[in-house]
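The values are calculated or read from the model by the stated rules, or taken from the named source; none is laboratory data. In this text, all values refer to a predicted model and were calculated from it rather than measured experimentally. Neighbour counts are summed over all protein chains in view; Cβ atoms, including those assigned to glycine, are modelled from backbone coordinates with ideal geometry.
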Amino acid sequence: MAATATSQKPKDKEASPSQTINEVLQEAMLSYEKALKSGIQFQEESVNLWKDLLAKLGTPKTLKQQFELLNSEVYAETRKSLEEIVSNFNRSSNQTIELFQKAFSTPPTASFKETQDQLQELVENSLSNLRANVQAALSMNARIINSWKEIASNLAPVEK
């Protein structure tokens, strides 16, 4: 702001180079002072944010307990989720194999109606398997999200 005020002053033809240099140095000092104040304010705000964060975390003992709890709960939940994923994958794979066996083991039929019925049954079974797989994945994802939500709420520090 000081730079605009200085630049709007009418220039005297008699202004000496030392006065011009003095004005530039004054503007530089004001700019430096503003930058320094902004830096100090930023550091103060950073320190306050860190103090608040550390206050919410609590003592090192409490923090260690929370990490141990998180580790035990996360490990158990992850293990259950992985077991469920493997179970769903195996079930889905077995259903797919059964459908392929059914599709390729049916003897050729002479009538168009029988072929159409077999194809319709194959498509319906495929779609019902797909629906079951999607529903299983959705329910599994919902349980995973709920378990993570519970873990996060258990670890949330108690406000004083």
Close pairs (6 angstrom Cβ cut-off, 6 or more residues apart or separate chains): on the phi > 0 side of the Ramachandran plot and assigned to a helix (DSSP H, G or I) in the range 42-70, of a type outside the set (Val, Ile, Thr) and loosely packed, with under 10 Cβ neighbours inside 10 Å anywhere: none
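Conditions (1) touching a helix residue (DSSP H, G or I) at 6+ places or on another chain (Cβ under 6 Å); (2) among the acidic types (Asp, Glu); (3) not assigned by TED's automatic domain parsing to the domain that holds SER87, marked per residue:
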site: GLU98; (1), (2), (3): no, yes, no
site: ALA103; (1), (2), (3): yes, no, no
site: PRO107; (1), (2), (3): no, no, no
site: SER111; (1), (2), (3): no, no, no
site: GLN120; (1), (2), (3): no, no, no
site: SER128; (1), (2), (3): no, no, no
site: ASN133; (1), (2), (3): yes, no, no
Among the residues of the range 114-136, is there at least one that is of a type in the set (Ser, Thr, Tyr) and assigned to a loop (DSSP other than H, G, I, E, B)? no
So which of ALA110, ALA76 is surrounded by 11 or more Cβ atoms within 10 Å (Cβ to Cβ) and hydrophobic (A, V, I, L, M, F, W, C)? ALA76
Residue check, ASN88 against (1) assigned to a helix (DSSP H, G or I); (2) farther than 18 Å from VAL134 by Cα, all met but one. Which one? (2)
Restrict the check to the range 88-100 and report whether at least one residue is surrounded by 11 or more Cβ atoms within 10 Å (Cβ to Cβ) and within 28 Å of the chain's Cα centre (by Cα). yes
